Amino acid sequence: MSNTSAKSWIEVPAKSDFPLQNIPFGIIKSDKHSPRVASIIGNTVIDLAALNHLGYFKGLNIPQNVLVNKSLNNFIALGKAVTTKVRQRLIDLFSENNSELNDNSEHKNTVLVNIAKVENLMPVEVGDYTDFYSSMEHATNVGKMFRDPANALLPNWKHLPVGYHGRASSIFVSGTNFHRPKGQIKPPDAELPTFGPTKLLDFELEMAFIIGKENKLGESISTSQAEEYIFGMVLFNDWSARDIQAWEYVPLGPFLAKNFFSSVSPWVVTLEALEPFRIQGPVQNPKVLPYLEYTGNKNYDIQLDVFIQPENGEENKVCHSNFKYMYWNMCQQLAHHTINGCNVRIGDMMASGTISGPSEDSFGSMLEITWRGAKPVKLKDGSERKFINDNDTVTIRGYAEKDELRIGFGEVKNKALPAI
Ligand code: MN
């Protein structure tokens with residue numbers, strides 16, 4: 001599918017993230033809909049369970065309970081051979097010259113619903129969650145602040161995509177609010193730790209890919225096979241508590257500073273939809289080991305913005321970054337993750353790590369934007385932020401844009417409520 005100018009008979013507002021060429025997948029529910037698999041064009045949600053029931057996926061033999069379902073896992077498990085056909089069928093069915101459904105107002109009433117009338121649920125059931133650390137600019141900034149400016153990157157960093165196993169149970173969909181976490185904090189000048197709410201609540205601008213095919217225990221996935229195993233991508237906010245992190249992370253890495261809450265955008269954008277936005281990644285020097293070598297363009301040009309909105313205030317853009325800055329690409333991350341025989345499962349989520357770019361306005365966390373609080377950000381209402389205040393709403397938006405084609409991710413938006 002490369003027809004970038006094809007139009008849908010469904011209205012698509014200018015700058016919509018969801019033109020005919022996107023067709024992401026998600027889970028919706030409403031008073032009239034039990035949880036089910038859906039897609040979206042413009043502001044119109046498409047009920048795939050209803051389409052299947054009415055016979056529009058004839059020949060694809062999709063069991064109805066795969067689509068009347070509270071997660072995409074069973075749908076993804078049909079395999080790309082089926083899910084890409086579903087996506088192609090939707091592109092055909094909703095193309096402006098196709099009257100098959102457009103001429104049937106009764107069917108249209110059953111299948112289509114305005115986004116305002118439904119709720120998005122968590123799109124996948126996440127079995128395991130991994131967070132990488134693959135932006136060189138981010139790792140360099142953090143290394144400069146916390147260790148040694150002259151040797152900001154640790155010796156392993158350019159040889160392997162550093163990562164850690166996070167917690168899946170506390171990943172929620174956009175729109176979920178959470179309370180400021182409490183924990184042990186030890187200021188640098190204090191002798192003993194104290195207990196209390198984090199003073200340094202932060203976001204991390206990330207994207208995550210979702211596993212779409214399983215390998216067996218003991219089998220590795222090569223960089224050239226990796227894309228078959230990736231169903232699609234979402235925006236990811238890896239909420240963090242910097243003071244808790246600084247005290248607890250030695251020697252085993254992040255724990256309670258990260259697992260209190262993470263959030264994702266509701267629509268999973270497929271790799272197929274992102275195909276026009278492939279781009280070359282940064283040159284990797286020193287040369288990587290053979291199992292991490294790859295060919296072709298494995299990075300994607302996806303623009304990413306972060307906004308802070310105070311209670312009753314306006315949104316303030318605090319960061320403009322891009323997924324293309326990733327030093328390690330998703331194929332290398334997955335090849336590394338499985339090189340020891342680790343098995344991945346459908347619905348597993350692999351986050352990128354904070355995506356910072358080279359300039360100060362492209363840093364992907366408050367830690368870096370304010371340089372650990374040394375350079376506060378001024379908001380439109382005159383207030384300042386070093387980190388995230390109570391009742392601030394943080395929103396990440398992302399989209400790829402080229403030749404008048406815009407493939408977007410929507411947003412992931414959460415409000416930080418006071419500690420309880
Ligand atoms: Mn992270």
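The values are calculated or read from the model by the stated rules, or taken from the named source; none is laboratory data. Because the structure is a prediction, the values reported are computed rather than measured. Here the Cβ positions follow ideal geometry from the backbone for every residue, glycine too, while neighbour counts run over all protein chains shown. Ligands, DNA and RNA are excluded from the accessible area calculation, which covers all protein heavy atoms including side chains. Shrake-Rupley method; radii C 1.70, N 1.55, O 1.52, S 1.80 Å.
For the chain, the solvent-accessible area with a 1.4 angstrom probe is 44 square angstrom per residue. Within the assembled protein chains, the solvent-accessible surface assigned to LEU154 is about 90 Å², based on a 1.4 Å probe.
For the stretch 191-302, what does the alpha-carbon gyration tensor say about shape, rounded, prolate or oblate, given a ≥ b ≥ c as the root eigenvalues, a/c under 1.5 as rounded, and a/b over b/c as prolate? Prolate is the answer for the stretch 191-302, as a/c is 1.5 or above and a/b outweighs b/c. Is the stretch 26-121 best put as rounded, prolate or oblate by its Cα gyration tensor, with a ≥ b ≥ c the root eigenvalues, rounded for a/c under 1.5, and otherwise prolate when a/b is larger than b/c, oblate when not? Cα axes put the stretch 26-121 in the oblate bin.
222 nm [θ] for the chain, helices only, -39500 (n - 2.57) per DSSP H run of 4+, per residue, to 500? Can you show the working numbers first?
Numbers: 10 runs with 70 residues, N = 420.
About -4000 deg cm²/dmol.
Of the residues HIS107, SER34, ALA50, the one whose Cα sits farthest toward the positive end of the charge dipole of the stretch 26-121, with +1 on the Cβ of Lys and Arg and -1 on the Cβ of Asp and Glu, is SER34. In this structure the amide hydrogen of MET207, modeled in the peptide plane, comes within under 5 Å of the amide hydrogens of PHE236, SER352, GLY353, none closer than 5 places in sequence on its chain. Within the full protein context, the accessible area of HIS53 is estimated at about 140 Å² for a probe radius of 1.4 Å.
Computed from Cα atoms alone, the Kirkwood hydrodynamic radius reported for the chain is 22.2 Å. Judged by the ratio a/c of the largest to the smallest principal axis of the C-alpha gyration tensor, the stretch 116-260 counts as oblate, that ratio being 1.5 or greater while a/b is no larger than b/c.
What the Cβ-Cβ distance of HIS179 and ASP103 gives, at R0 = 60 Å and to the nearest 0.05, is a FRET efficiency of 0.75.
Accessible area of TYR327 (1.4 Å probe, protein heavy atoms only, ligands and nucleic acids ignored): about 10 Å².
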